[in-house]
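The values are calculated or read from the model by the stated rules, or taken from the named source; none is laboratory data. In this text the structure is predicted, and so the values were computed from the model without any measurement. Virtual Cβ from ideal backbone geometry, glycine too; neighbours counted across all protein chains shown. Areas reflect the complete protein model, heavy atoms only, side chains present, ligands, DNA and RNA absent. Shrake-Rupley method; radii C 1.70, N 1.55, O 1.52, S 1.80 Å.
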Amino acid sequence: SRFETCWPALMKDSHGVIIIFNPELPSHLKEIEMWYSCFVQQQPLLDSQCLLVAHHKPGSGGDTEDLSLAYPLNKIKLIHSNLEDDPEDVRMEFMKYFKSIITFIDESREREEMSIIS
């Protein structure tokens, strides 16, 4: 990718990664493995700091329950988004994800402060 030189800057001090992909494209399913490897495993971030979003285009009619990802992607929270359906579920999942990241940051900061004190 021609943007690979920018990746270190994008990754620096990041606390979470959201990977959005089109589950109907086999090439995307291969690419998310590469994104996961670069942006999550090499950082390293915890799987809980990563969210996968399978975005279904309107009219695609893709069966959302059918998608089974291989290890290690199957350890990550996966949500399906489809703008034709009620977007409230997706919004709720995003809120849960962001709350978990904020909690993680707070706990990390507390641990750092304790290690400085002791």
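Being among the aliphatic types (A, V, I, L, M), open to solvent by less than 50 Å² (accessible area, probe 1.4 Å) and out of contact with any Ser or Thr (no Cβ under 7 Å at 6 or more places or on another chain) is a condition met by at least one residue of segment 94-111.
Checking the structure you have, find out if any residue of segment 103-114 is under 25 Å from Met34 (Cβ atoms), basic (Lys, Arg), at pLDDT 90 or above and in a helix (DSSP H, G or I). No, every residue in segment 103-114 fails to be under 25 Å from Met34 (Cβ atoms), basic (Lys, Arg), at pLDDT 90 or above and in a helix (DSSP H, G or I).
Among the residues of segment 68-93, the one identified as of a type in the set (Ser, Thr, Tyr) and either touching a strand residue (DSSP E or B) at 6+ places or on another chain (Cβ under 9 Å) or surrounded by 10 or more Cβ atoms within 10 Å (Cβ to Cβ) (or both) is Ser81. Residues that are open to solvent by 30 Å² or more (accessible area, probe 1.4 Å), among the hydroxyl-bearing types (Ser, Thr, Tyr) and within 14 Å of the chain's Cα centre (by Cα) within segment 1-53 comprise Ser14, Ser37, Ser48, listed in sequence order.
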